[in-house]
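S.K.: First the structure, which I've put down as structure tokens, then a few questions once you've had a look.
The values are calculated or read from the model by the stated rules, or taken from the named source; none is laboratory data. Here the structure is a predicted model, which is why all the values come from computation and not from measurement. FYI the Cβ positions are ideal-geometry reconstructions off the backbone, even for glycines, and counts take in every protein chain you see. Note: accessible area is taken over every heavy atom of the protein model, side chains too, but ligands, DNA and RNA are not part of it. Shrake-Rupley method; radii C 1.70, N 1.55, O 1.52, S 1.80 Å.
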Amino acid sequence: MEKKLAVEMQRFSVTSSKPFEQVLAAIDAAVGHPDLGEFHRKLALTKTYTAIEKIVHEVIGASGLMEFIRFDLGQVLRMEHGDRTPRSLRLVIGNPLIMKQMVEHVPDAGSYVPVTILIDERSDGVHVSYDTIASALAPYGSPKASKVAQDLDAKVIALLKAAAN
């Protein structure tokens, strides 16, 4: 059976006068950067949720988040347009424990987490943007998942504000 659900996203965006490198460095400093192969190996060997929590807490950064992957969107643009092309980087970050809490209540939450942060240079500065998870989950009507999503949004937005200012 086919099912369609309208999801209206809310985007948080802040513009920084700092150079791209400084904004990225601030985010990098607050987010964990685990060796994902090792991380997944440890998770596979784990027998209890308490052990999973310990593994996750070892790799998250001060923000309570970790990086899963990054995409240098600007690299592709630079190949065609040269080195003067503005930089654009997409970071996929999250916390498996937070993701679990949302997916327990709304299985479709797995489509939205981990989250994406976009850092890109524009004529007016470096933009740091994020589509809020609370807005993505609102149509599902789960107060428990919405609360977890709001808390995650607050973490991510605090990270972006700190990096931009």
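S.K.: Test of understanding: among Val106, Val113, Val31, which residue is under 15 Å from Lys155 (Cβ atoms), touching a Leu at 6+ places or on another chain (Cβ under 7 Å) and buried (at least 19 other Cβ atoms within 10 Å of the Cβ)?
M.R.: From the options Val106, Val113, Val31, the qualifying one is Val31.
S.K.: Let me ask you something else. Does Leu89 satisfy the criteria of being out of contact with any helix residue (DSSP H, G or I) (no Cβ under 6 Å at 6 or more places or on another chain), among the aliphatic types (A, V, I, L, M) and open to solvent by less than 20 Å² (accessible area, probe 1.4 Å)?
M.R.: yes
S.K.: If you go through the stretch 101-112 one residue at a time, do you hit one that is more than 25 Å from Leu36 (Cα to Cα) and touching a residue at least 12 places away in the same chain (Cβ under 8 Å)?
M.R.: Checked the stretch 101-112: at least one residue is more than 25 Å from Leu36 (Cα to Cα) and touching a residue at least 12 places away in the same chain (Cβ under 8 Å).
S.K.: Select, from Asp83, Asp72, the only residue that is farther than 28 Å from Pro143 by Cα and in contact (Cβ under 8 Å) with a residue 12 or more places away in the chain.
M.R.: Asp72
S.K.: Quick one: in the stretch 45-76, of everything that is open to solvent by less than 80 Å² (accessible area, probe 1.4 Å) and part of a helix (DSSP H, G or I), which residue is modelled with the lowest pLDDT?
M.R.: Restricting to residues being open to solvent by less than 80 Å² (accessible area, probe 1.4 Å) and part of a helix (DSSP H, G or I), the top hit is Gly74.
S.K.: Of all the residues that make up the stretch 92-107, how many are among the hydrophobic types (A, V, I, L, M, F, W, C) and under 15 Å from Ile60 (Cα atoms)?
M.R.: Here the count works out to 5.
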